[in-house]
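> To start, I am sharing the structure in question, which I have written as structure tokens.
Nothing in this text is a laboratory measurement; each read-out follows from the coordinates by a stated rule. None of the values given here were measured: they were computed from a predicted structure. Because the Cβ atoms are built from the backbone with ideal geometry, glycine has one as well, and the counts that use them run over all protein chains shown.
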4 protein chains.
Amino acid sequence: MNSIEALLAKFISTRKKTEEICAPLEVEDYVPQPIADVSPPKWHLGHTTWFFEQFVLLPFDPGYRVFSEDFAYLFNSYYNHAGNRVLRPNRGLMSRPPVREVMAYRSHVTERLSLWLEKGDFEQEAEERVVLGIYHEEQHQELLVYDMKYILGNQPTFPVYGEGFRTKPVSEGQFSKVSSGVFEIGFEGEGFCYDNELGRHRVFLEEFEISESLVSNGEYLEFIQAGGYLNFDPWLDEGWSFIQKEQIRAPLYWHEVEGEWWNYTLRGFEKVDWNLPVQHISYYEAQAFASWKGFRLPTEFEWEVAAKQFDWGQLWEWTGSSYLPYPGFKKAPGALGEYNGKFMVSQQVLRGGSVATPQGHSRPTYRNFFHPSSRWIFSGIRLAK
Amino acid sequence: MNSIEALLAKFISTRKKTEEICAPLEVEDYVPQPIADVSPPKWHLGHTTWFFEQFVLLPFDPGYRVFSEDFAYLFNSYYNHAGNRVLRPNRGLMSRPPVREVMAYRSHVTERLSLWLEKGDFEQEAEERVVLGIYHEEQHQELLVYDMKYILGNQPTFPVYGEGFRTKPVSEGQFSKVSSGVFEIGFEGEGFCYDNELGRHRVFLEEFEISESLVSNGEYLEFIQAGGYLNFDPWLDEGWSFIQKEQIRAPLYWHEVEGEWWNYTLRGFEKVDWNLPVQHISYYEAQAFASWKGFRLPTEFEWEVAAKQFDWGQLWEWTGSSYLPYPGFKKAPGALGEYNGKFMVSQQVLRGGSVATPQGHSRPTYRNFFHPSSRWIFSGIRLAK
Amino acid sequence: MNSIEALLAKFISTRKKTEEICAPLEVEDYVPQPIADVSPPKWHLGHTTWFFEQFVLLPFDPGYRVFSEDFAYLFNSYYNHAGNRVLRPNRGLMSRPPVREVMAYRSHVTERLSLWLEKGDFEQEAEERVVLGIYHEEQHQELLVYDMKYILGNQPTFPVYGEGFRTKPVSEGQFSKVSSGVFEIGFEGEGFCYDNELGRHRVFLEEFEISESLVSNGEYLEFIQAGGYLNFDPWLDEGWSFIQKEQIRAPLYWHEVEGEWWNYTLRGFEKVDWNLPVQHISYYEAQAFASWKGFRLPTEFEWEVAAKQFDWGQLWEWTGSSYLPYPGFKKAPGALGEYNGKFMVSQQVLRGGSVATPQGHSRPTYRNFFHPSSRWIFSGIRLAK
Amino acid sequence: MNSIEALLAKFISTRKKTEEICAPLEVEDYVPQPIADVSPPKWHLGHTTWFFEQFVLLPFDPGYRVFSEDFAYLFNSYYNHAGNRVLRPNRGLMSRPPVREVMAYRSHVTERLSLWLEKGDFEQEAEERVVLGIYHEEQHQELLVYDMKYILGNQPTFPVYGEGFRTKPVSEGQFSKVSSGVFEIGFEGEGFCYDNELGRHRVFLEEFEISESLVSNGEYLEFIQAGGYLNFDPWLDEGWSFIQKEQIRAPLYWHEVEGEWWNYTLRGFEKVDWNLPVQHISYYEAQAFASWKGFRLPTEFEWEVAAKQFDWGQLWEWTGSSYLPYPGFKKAPGALGEYNGKFMVSQQVLRGGSVATPQGHSRPTYRNFFHPSSRWIFSGIRLAK
Ligand SMILES: [Fe+3]
Ligand SMILES: [Fe+3]
Ligand SMILES: [Fe+3]
Ligand SMILES: [Fe+3]
């Protein structure tokens, strides 16, 4: 019973948090999809709601009637098992339903699921789905921050979002050494984790060293000033092509104005703060920077093993590991099996968490992953050797 | 004095009319740009306002200060002379300024221009600019209707816009004969016209016949049912490629549902009314239909000469004429010279007017023009032989 | 009998001429298709042969067996009536059949058709097809020159083709005046013409003046040096976009090397000869140049009426007319009807002829047409006002 | 001395082998580049020659003069350090130099390098470069086979190449078990290896089983017949998109003709032999097949550890490992450092060798790598669990 109360409280606070994140937006900001990766905020609001409706209320609450047939179609993301989905790059064309109706949908589902939770009459699997739904919504809270920043940061007027989601200055750190040996990797214990963390297994690591701090904007500026973006030598071939094609010469949101570097932050257009950790760099840039410095990025296993030895959680940290299944990985049956496993190719693992990660959402075994070209995420660099 | 009063009244009613057209929209509908041709309603609202600010208030009202530097940048359409413009396909990403601010911009400019007009202290050229601005806004009113229909008609939920902009049934008409001879073409007389109608000149026309009525949905259905979209024979090569690439098998907004043809209209999703004139066909389709019937489309000169002999104004009528300058065409100096002349290649002329054309906006010498692939416009077919 | 002998002689000399044009090529030059517009020389050799096989030998010579089923498939160009065709942009991937076999195919068809002609036992229609085939092959002879030049001119080594196809210097000409009136346009008389020249009809022309000479490289250089490619003012909107997108700053084959203008000619890489007529410009460039000079391009009707008053035949001359059917235009039944009519949209008419046009191939009523972006053709500029 | 003789013999036989592989081609087959991945045979011939000229003769033979400045430009592949390169997708447009001259270039370099080798007056590094050049040429021999097959297999006439490069039937194999433990991975000992195999290091492997045989065409047919290409369930998300976009429903070169499966082989168009190992499948297909069977692909470490327990070398075997640097990986300085390291992202490792791999070219530690979408390579499937 106690656990149900806690779950209900967590559910309600999570739902509310999502809405608070969006509060500073204009109605119009909920609509555009400037690039395929960035979803309209309205879509996140509907999609996280749809998840609870589709995977909890419909299968487990016998009296529940779908709020709107259309919404099931519009707010499915990538769950082929759950029916046809709106093709991703077209989300920004859906002006309907209006935000107001999406909010009504949210309230309806929040209320109905709360009532159903309060009754407490459900199986273990149903409860697990609610927990998954909460974690799912937390993931989308973080994406919301990325996407809002991208939408606002591409308005010619650079509108201010407000406080929140700020990183702290980094001081130049030391390298910390870890001796070779066999280590256990993957989730263990009680509590929630994703399927991709399961399959705890042993890896052998050769001795390595890992930096105790993230790379700062100031250190990254040296790379720019040394012609880092103009010399193919430290770059992966694919990375070099990418920066040529996209004409990239600095982190995302940086603009050179009359010889000075400014950047868009959620507080508007500001001069770059050299003490903050460098943010909004792709894997290609992270790798090139590390290579130029004579270092490398840690593997995800090195990171997990060494994580106790440094602070983390400001920015997701690109690792040198591709996103692949652990030995013994099993995907869940049905639509929930599409959550993680099907993305296990052409993605790079990031570890840690960011200032946009909801509190308590991450853990040392958490495996985040994005395409190596991703720059709109809250990504940073930690060096290893 | 009288004329200034009339101009002021016309100005104010035009401004109001634009806003009335948008009234049934949700705020969210003002934002998307689903295809490059379709501009967000918000953009039309700002752009028509910018036109008055840029070409009347700034040059002719000495006390006028620009409402917002950003708006000048955001709401320029294609006037290279007037500074950098937002690249057309990105309009749908501009969530800012919000609709509310665009409306404030509208009010501000409407008010300031009204005051300035009331004072009556201006040159001939300034007055001509106001008149041009009114015609410009009327053109955008019509585009607004096309664009709103496209945005709403591509929502999976097919939302209802409301009454208005309805065509009337057509009855099968006769062909009317015109004997060969030399005719005068182009605008003559007092009143407003565009530069592309000037250069009144003589053309020789061989004898021709022209239909007194537009082609109906029912007649067009015969073409579809006879495999018109499946046989390259009546098609222009470019048209045939176009319908293959875009997978076109019927007019825009038509959907075959369980063997019956429905279409999206501003009143929602309805069965096709076979007596209405066929609408939303490209030039390619109009030409292929005419060719399949053993006829052809009239030239714009034939149309102009014969216009007294039939009713027109329901739908813009594709002609067989490409959009080219009349002998002696001169483009206006400066930015206003970009209004028409620079589009004189790869466009096809349409004549007449449509139910979305503001009253009094068209005339028999009016030359409308669009790319032959355009289907979202209110276009129809009149046959000739 | 005499006429059959003459036809046979013409047939044989035409076939031989095509092969002579290709003689300076390496086997490898017969293969690539660098852009969609440019066909591999091998393809022209096969296609012109296929035309005689498909449209003469198969229907009219009862004993004829097809040389190779595959060739019918590979060497059809755009005749939907005659079966599936190789998609145009893939021609450059067809390394087979080797040139040697295409030449065998040519010999076979030339021989068989010669024997059949010698027997003289055929209908009028068959003879007309042979004549059409000869004109068709002559058209492809000209395209062969364009395409060879493009293939060779895009080798980093700029190989020499050899003599031939040279233009002569132009001296600055006067304008010649034509008074207004009704004129007859279109082909009349005996001899061969294409269907698009038929439908002789009357047009009324207002008084105009037309230059007696083509624009020279020297005059065009003034346009470049005055920033003609950097200022949107004289350009059509579509033309301005085109030169931005393609990064065009001079005619095709011009290269600026250390401050001096060189160009690729069939004689190799040479300094631009300022007295030669400017060549390899698109319609957009021709129109922008004319507009910058304060003139315009003649219409195709003006050109035809005035043609006796000046020399022509060095370069095809862009006219201000779009390619549209003449009144009463009728396309031939079946595959031959696809020859001309289906291209009557989005093309601009060129009149005259070029140094690559086979002797006797052109005439004052001849209507050549290309897309306004075409630059690899032998095009030039004649001004009008 | 003995070793120099052996090196010389190996050098000469390698050069000759490359030319023998091309012998059945027509001159025209040397030219096209049907897709970006497939290079023209002419290019391989020139490029392998350029490698010896650029990296051996120029730096180490003082009397050597470059054969042709142009060739250095044309036949560089991806070595940014060695100057500008022809952009990869344009190789098929280079009809010049003709094959004949490329062969002359080959003879020249083979001869000069042979003379220089015979003198025996060179440093260790120079000898290492020759060895690398031989391995480089062997790699291109294998690519030549892939590329020739692709060029010929995409001719509508399916020309026969001839004997050679045949796989042998596979019999259904058992799974072989390997117990968990720490294993050494990477190259050790004398002899040649690439930089990507160095950095021998320890890995811990959990117990696994690996199949002793490759998957056969017959087994793969079951997957097709069970709707494997029509059901997203076993597919990676990126793989599912890939097969939709490319409309893939079977391995490359398979064609269904009247209900029977045929495929293009180097012997022409033949019925699929069900006992041969399935070939020409992408990583996506290999992974989906394995997943559908309830198995998975081995990692490259499992493969290396288990390699003694089965026969390999018929087809390169997709592993579940992404191509990443080994601990302590160091790329060589200068242009040779671009050989391997810069491709370490978005690629999947293949292990083993194929019937197109030159004898003695592979070894158990050899790491081949391709993009997961690659289908024109000689790839196959081995299952693990
Ligand atoms: Fe989701
Ligand atoms: Fe406008
Ligand atoms: Fe042809
Ligand atoms: Fe290479």
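> Averaged over its residues, how many other protein chain Cβ atoms are within 10 Å of peptide A:356-366's Cβ atoms?
0
> Would you please put B:148-155, D:150-157 in order of how densely packed they are, using the mean number of other Cβ atoms within 10 angstrom per residue and starting with the highest?
B:148-155, D:150-157
> Moving to a separate point now. Amide H of A:S216: which non-local residues (sequence gap of 5 or more, or other chain) have their own amide H closer than 5 Å, using H built in the peptide plane?
Residues meeting the amide H criterion: A:V278.
> Another question, if that's okay. For chain C, what is the calculated [θ] at 222 nm in deg cm²/dmol (nearest 500), taking -39500 (n - 2.57) for each run of four or more DSSP H residues and dividing by its residue count?
-10500 deg cm²/dmol
> Segment C:1-79: percent of C-alpha pairs farther apart than 22 Å?
Distances greater than 22 Å cover 36 percent of the Cα pairs.
> Something else about it: Testing the spin-label approximation: label points 7 Å from Cα along Cα→Cβ at A:E128 and B:Q309. State their distance in nm.
Placing both labels 7 Å along Cα→Cβ, they lie 8.0 nm apart.
> Along the Cα→Cβ direction, 7 angstrom out, place labels at D:K385 and A:N231. What is the inter-label distance in nm?
Placing both labels 7 Å beyond Cα along the Cβ direction yields 5.3 nm.
> Right, another one. Taking the alpha-carbon distance from A:K168 and a cut-off under 17 Å, which aspartates and glutamates remain once sequence neighbours fewer than 8 residues away in the same chain are dropped?
Output for A:K168: A:E212, A:E219, A:E270, A:D273, A:D311, A:E317.
> For C:S321, enumerate residues with amide H under 5 Å from its amide H, sequence gap 5+ or separate chain, H modeled in the peptide plane.
Residues meeting the amide H criterion: C:E300, C:V349.
> When the Karplus curve 6.51 cos²θ - 1.76 cosθ + 1.60 is applied with θ = phi - 60°, which whole-Hz ³J(HN,Hα) does each residue of segment A:178-187 get, with x for Gly and Pro?
Values, residue by residue: 10, 7, 5, x, 8, 10, 8, 10, x, 6 Hz.
> Let me ask another. Shortest first, in nm, what separates the label point of A:V131 from those of the same position in the other copies (7 Å along Cα→Cβ)?
Going from nearest to farthest copy, the values are 5.7, 7.7, 9.0 nm.
> Using the Karplus equation 6.51 cos²θ - 1.76 cosθ + 1.60 (θ = phi - 60°), what ³J(HN,Hα) coupling, rounded to whole Hz, does each residue of segment C:262-272 give in order, writing x for Gly and Pro?
Once rounded to whole Hz, the list reads 10, 8, 7, 10, 5, 9, x, 8, 9, 5, 5.
> OK, next. How do A:M344, D:M94 rank when sorted from fewest to most other Cβ atoms within 10 Å of their own Cβ?
In order of increasing Cβ crowding within 10 Å: A:M344, D:M94.
> Something else: Can you tell me which lysines have their Cα less than 26 Å from the Cα of A:K330? Leave out same-chain residues fewer than eight positions away.
By straight Cα distance, A:K330 reaches A:K342, D:K177, D:K293, D:K385.
> Ok, one more. How many Cβ atoms of partner chains, on average, are near each residue of A:232-240 if near means within 10 Å of its Cβ?
Going residue by residue through A:232-240 and averaging, the value is 5.
> Mind checking the alpha-carbon convex hull of the protein assembly as shown and giving the volume per residue in Å³?
Roughly 209 Å³ of hull volume per residue.
> Follow-up. Just checking the output field for A:156-166: average partner chain Cβ neighbours within 10 Å of each residue's Cβ?
2
> Can you sort A:E300, C:E238, B:E163 by how many other beta carbons sit within 10 Å, fewest first?
By the 10 Å Cβ count, ascending: B:E163, C:E238, A:E300.
> While we're looking at this one, here's another question. Suppose every Lys and Arg Cβ carries +1 and every Asp and Glu Cβ carries -1, with no other charges. What dipole size does segment A:3-153 come out with about its Cα centre, to the nearest 20 debye?
It works out to roughly 380 debye.
> Just subtract the alpha-carbon distance of D:L58 and D:A9 from 0.36 nm times their residue separation and send over the number in nm, one decimal.
Gain in length upon complete extension: 15.5 nm.
> Cα-Cα over 19 Å: which of B:K16/B:K331; A:K245/C:K245; A:K42/A:K119?
Long pairs (Cα-Cα over 19 Å): B:K16/B:K331; A:K42/A:K119.
> Follow-up question, since we're still on this one. Each residue of segment A:26-34 in turn: what ³J(HN,Hα) in whole Hz from Karplus with 6.51, -1.76, 1.60 and θ = phi - 60°, glycine and Pro shown as x?
Once θ is set to phi - 60°, the couplings for segment A:26-34 become 7, 3, 4, 5, 6, 9, x, 10, x Hz.
> For segment D:159-236 and segment C:159-237, what is the centre-to-centre distance using only Cα atoms, to the nearest Å?
If you average the Cα positions of each part, the centres end up 67 Å apart.
> Below 8 Å, C-alpha to C-alpha, sequence gap of six or more: please give me the relative contact order for segment D:175-380 in percent.
25 percent
> Related question: Would you mind getting me the FRET efficiency between C:D121 and C:K16? Use the beta-carbon distance for r and R0 = 35 Å, nearest 0.05.
With a Förster radius of 35 Å, E is 0.90.
> May I pose another question? Using a Förster distance of 60 angstrom, determine the FRET efficiency expected from the C-beta separation of B:E172 and C:E270, and round it to 0.05.
0.35
> Put the label 7 Å from Cα along Cα→Cβ for C:Q225; what are its distances to the other copies, in nanometres, shortest first?
With the label placed 7 Å along Cα→Cβ, C:Q225 yields 4.5, 7.0, 7.8 nm.
> How compact is segment A:14-55 by the rule of thumb for globular proteins, expressed as Cα Rg over 2.2 N^0.38 Å?
1.22
> Continuing with the same structure: List the residues, sorted by chain then number, that are 5 or more residues from A:G380 or on another chain and whose placed amide H is less than 5 Å from its amide H.
Result for A:G380 returns A:W316, A:E317, A:W318.
> What is the distance in Å between the Cα centroid of segment D:36-67 and that of segment C:335-377?
Spelled out, the Cα-based centre of one part sits 46 Å from the other.
> Would you mind listing the distances between the C:G120 label point and the same position in each other copy? Use 7 Å along Cα-to-C-beta, nm, one decimal, shortest first.
Label-point separations across copies, in nm and ascending: 8.4, 9.3, 11.3.
> Please list the equivalent ellipsoid semi-axes of chain A, computed as the square roots of five times the alpha-carbon gyration tensor eigenvalues, in descending order and whole angstrom.
36, 27, 18
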